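Below: the structure, in structure tokens.
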Amino acid sequence: MSQIDPTRERLIEVYRKKAKHYDITSRLYPAPGYPHRAQRLRAVQALGLRAGDSVIDIACGTGLNFPLIEKVIGPGGRIVGVDLTDAMLARAQGRIEANGWSNISLVQADAADFDFGARVDAILSTYALSQVPECAQVIAHGAAALSGRGRWVVLDVKVPDGTPGWLAQLGTAIVRPFASIDEWIMRRPWEAIRAAMQEELADLSWTELLFGTAFLAAGSRAGSAGSPS
Ligand SMILES: C[S@@+](CC[C@H](N)C(=O)[O-])C[C@H]1O[C@@H](n2cnc3c(N)ncnc32)[C@H](O)[C@@H]1O
């Protein structure tokens, strides 16, 4: 990352401050008791993983998805965790060492510039991609790197359809403290994510979760033959 734009710098600063307590504080948003773990599980299941698979976790943060992925891919598989914020990756590294995982590597990079490589079995991004203005580009780059049966899964929060603007602002104010909430609501990034996945993947499934406060989008490059049963 030779040149970081000011928006990215602000975002990194925010996540540097959050990193230490992220695993606990993230449970409180968008509301205490929000079922993140159940949603994460659904997202990992939607990857249709097999033992030995290679998985890229885009904007992996502190690595909260790693144990769920490791359980399926086992020691013969591989995870690459990508994130912009050094302090979040440092927490992820601590989790890797505490669990003795030797098949996870971490890359500090902007998702928009990340080189996905080739023949990737699965790509996951949870509660993060809507923060990346170039989300459509990230989806396209990832899709091009997927193996024949490879799957792309995105889980993220959204504003429920039909929510009045003032209520949307209130609800998202705590979740998106680093940037203009107005901008996030106006940009409606979940729509760009949906459109890009529809464009790039053969069999997109789109599921609204918890009254439309989140979505799970999943698809494969090859179509339903590659989908999990
Ligand atoms: C809300 S956290 C989610 C972390 C993790 N995916 C999870 O489910 O707990 C958002 C993460 O996205 C990362 N992030 C934001 N913009 C990014 C970008 N352009 N490229 C890579 N990571 C980014 C932040 O550093 C942060 O770790």
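The values are calculated or read from the model by the stated rules, or taken from the named source; none is laboratory data. None of these values were measured; they are calculated from a predicted model. Backbone-built Cβ (ideal geometry, glycine too); neighbour counts: all protein chains shown. Calculation scope for accessible area: heavy atoms of the full protein, side chains included, ligands and nucleic acids excluded. Shrake-Rupley method; radii C 1.70, N 1.55, O 1.52, S 1.80 Å.
I want to confirm something. Restricting to region 118-131 and keeping residues that are more than 14 Å from Ile193 (Cβ to Cβ) and surrounded by 14 or more Cβ atoms within 10 Å (Cβ to Cβ), which single residue is farthest from the ligand (Cβ to nearest atom)? Restricting to residues being more than 14 Å from Ile193 (Cβ to Cβ) and surrounded by 14 or more Cβ atoms within 10 Å (Cβ to Cβ), the top hit is Asp121. Ser105 meets each of the listed conditions (1) modelled with pLDDT under 95; (2) in contact with a strand residue (DSSP E or B) (Cβ under 7 Å, 6 or more places away or on another chain) apart from (1). Can you pull out every residue in region 132-156 that is at pLDDT below 95, surrounded by fewer than 22 Cβ atoms within 10 Å (Cβ to Cβ) and within 16 Å of the ligand (Cβ to nearest atom)? Listed by number, the list holds a single entry, Pro133. The residue pairs whose first member lies in region 13-30 and is on the phi < 0 side of the Ramachandran plot, whose second member is open to solvent by 50 Å² or more (accessible area, probe 1.4 Å) and in a helix (DSSP H, G or I), and whose beta carbons are closer than 6 Å, counting only pairs six or more residues apart or on different chains, are Ala19/Arg91. On the basis of being part of a loop (DSSP other than H, G, I, E, B) and either closer than 25 Å to Arg151 by Cβ or within 11 Å of the ligand (Cβ to nearest atom) (or both), does Thr62 make the cut? Spelling it out, Thr62 is indeed part of a loop (DSSP other than H, G, I, E, B) and either closer than 25 Å to Arg151 by Cβ or within 11 Å of the ligand (Cβ to nearest atom) (or both).
Scanning region 1-53 for residues that are within 9 Å of the ligand (Cβ to nearest atom), of a type in the set (D, E, K, R) and touching a Leu at 6+ places or on another chain (Cβ under 9 Å) yields a total of 3. In this structure, Asp23 does satisfy being open to solvent by 20 Å² or more (accessible area, probe 1.4 Å), at pLDDT 95 or above and outside any loop (DSSP other than H, G, I, E, B).
With respect to the stated conditions, Ala38 is in a helix (DSSP H, G or I) and within 21 Å of Ala217 (Cβ to Cβ). Residues in region 65-84 that are open to solvent by 10 Å² or more (accessible area, probe 1.4 Å) and in a helix (DSSP H, G or I): Pro67, Leu68, Glu70, Lys71, Val72.
From the list Asp115, Asp86, the lone residue that is among the charged types (D, E, K, R), modelled with pLDDT of 95 or more and closer than 19 Å to Ile139 by Cβ is Asp115. Taken over region 85-104, the criterion of being within 15 Å of the ligand (Cβ to nearest atom) and either over 21 Å from Arg16 (Cβ atoms) or open to solvent by 20 Å² or more (accessible area, probe 1.4 Å) (or both) is satisfied by Asp86, Ala87, Ala90, Arg91, Gln93, Gly94, Arg95, Ile104. Across region 42-50, not a single residue is classified as open to solvent by less than 80 Å² (accessible area, probe 1.4 Å), more than 19 Å from Ala112 (Cα to Cα) and free of Cβ contacts under 8 Å to residues at least 60 places away in the same chain.
Just name the residue that is least open to solvent (accessible area, probe 1.4 Å) out of those in region 193-209 that are over 15 Å from Gly142 (Cα atoms) and under 17 Å from the mean Cα position of the chain (by Cα). Result: Leu209.
Every test in (1) crowded, with 19+ Cβ neighbours inside 10 Å; (2) under 17 Å from Lys158 (Cβ atoms); (3) not small (Gly, Ala, Ser) is passed by Tyr34 save one, and that test is (1). Would you check if Asp115 is open to solvent by 20 Å² or more (accessible area, probe 1.4 Å), more than 12 Å from the ligand (Cβ to nearest atom) and in a loop (DSSP other than H, G, I, E, B)? For Asp115, the condition - open to solvent by 20 Å² or more (accessible area, probe 1.4 Å), more than 12 Å from the ligand (Cβ to nearest atom) and in a loop (DSSP other than H, G, I, E, B) - is met.
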